[in-house]
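Reading through the structure tokens given below for one structure.
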Amino acid sequence: MCKLDSLRIDLKALPQDETVLQYELDDDYFKAIEALDVQKGKLCVDLSIRRTDDFFELNFHTEGVVHIPCDICLEDMEQPIETDNRLVVKFGEDYSEDDDLVTVAEDEGILDVAWFIYQFIDLSIPIKHVHAPGKCNPAMVEMLEQHSTARSGEEEEKEETIDPRWAALKNLNLKD
């Protein structure tokens, strides 16, 4: 089971200047955070944290693959991931998130980056994800083509039978 505790960063304990952390994420990570869109993958996250007097600048570099369903055949496919993301964190009274600025309660001083990393991964997945040509499940593609052909035949029949109220409009000639 993936220990999400390692993704909780004690900001108060970080030294001035730069700290570099590395995380190896696998299927257990996606199960532990109860991810909706991605349940499998193997990724490496390099996190560089630069601390100044006023804020923390977090730079994430994520690289690896996730397994997501193909939009055409619905079988799992590997989607390569490579993304760079930035997050600025400061201390305040209460926890809040605004775009790229996160405020962490100063008395607690802990930032959990588990969900941020998942969001960065999820946002880097293309909207349309399909296998390379010829790699989809052939049985599913054949079934899809059969249903698409049947559906297009029904639409042609509907187009041929025009409502008589509209048919009269075809005979009108519009002249300037």
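The values are calculated or read from the model by the stated rules, or taken from the named source; none is laboratory data. Bear in mind the structure is a predicted one, so any value in this text is a computation, not a measurement. Positions of Cβ are backbone-derived with ideal geometry, glycine not excepted, and every protein chain shown enters the neighbour counts. Protein only, heavy atoms only, side chains kept; ligands, DNA and RNA dropped before computing areas. Shrake-Rupley method; radii C 1.70, N 1.55, O 1.52, S 1.80 Å.
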Report task. Can you send over the carbon and sulfur percentage of the accessible area for the chain, probe radius 1.4 Å, protein chains only? Result -> 50 percent
Requested in this report: Indicate the gyration tensor shape class of region 57-151 (rounded, prolate or oblate), computed on the Cα atoms with a ≥ b ≥ c the square roots of the eigenvalues: a/c under 1.5 is rounded; otherwise a/b larger than b/c is prolate and the rest oblate.
Outcome: prolate
**Report entry** Fully extended contour minus Cα-Cα distance, from Lys128 to Glu142, at 0.36 nm per residue
**Finding:** 3.0 nm
Query - Relative contact order [Cα under 8 Å, 6+ residues apart], region 65-155, whole percent - result: 27 percent
Report summary line: Residue-normalised value, i.e. accessible area per residue, for the chain at 1.4 Å probe, in Å², stands at 69 Å²
Requested in this report: Please report the relative contact order for the chain, taking Cα pairs under 8 Å with a sequence separation of at least 6, and give it as a percent rounded to a whole number.
Outcome: 18 percent
Query raised in the report: Taking the Cα atoms of region 15-104, what is the range of coordinates along each of the three principal axes, in descending order and whole Å?
Result: 52, 25, 21
Report summary line: Counting only backbone N atoms under 17 Å from a point 7 Å out along Cα-to-Cβ of Ser6, the residues of region 60-83 in range are 61-65
Report task. Round to the nearest 10 and give me the degree value, 0 to 90, for the angle of helix 114-123's Cα axis relative to the longest principal axis of the chain. Result -> 30 degrees
Requested in this report: Compute the relative contact order of region 25-100 as a whole-number percentage, counting only Cα pairs closer than 8 Å that sit 6 or more residues apart in sequence.
Outcome: 25 percent
Report task. With viscosity set to 1.306 mPa s and temperature to 10 °C, compute the Stokes-Einstein D of the chain, Rh being the Kirkwood radius across alpha carbon pairs; µm²/s, no decimals. Result -> 78 µm²/s
Query - Base-10 log of normalised Debye intensity for region 1-59 (one unit scatterer per alpha-carbon) at q = 0.30, 0.31 Å⁻¹ - result: -1.22, -1.27
Query raised in the report: Considering the dipole of region 34-86 built from charges on the beta carbon (Lys and Arg +1, Asp and Glu -1) around the Cα centre, which of Thr62, Gln79, Ile49 is farthest to its positive end?
Result: Ile49
**Report entry** Rounded to the nearest 20 debye, dipole of the chain from Cβ charges on Lys, Arg, Asp, Glu
**Finding:** 560 debye
Report summary line: For the table Lys40/Lys128; Lys31/Lys128; Lys31/Lys90; Lys3/Lys40; Lys3/Lys135; Lys3/Lys128, the rows whose alpha-carbon distance is greater than 27 Å are Lys31/Lys90; Lys3/Lys135; Lys3/Lys128
Query raised in the report: Can you pull out the chymotrypsin sites (Phe, Trp or Tyr not before Pro) in region 61-131 that DSSP calls coil and that have at most 15 other Cβ atoms within 10 Å?
Result: Tyr95
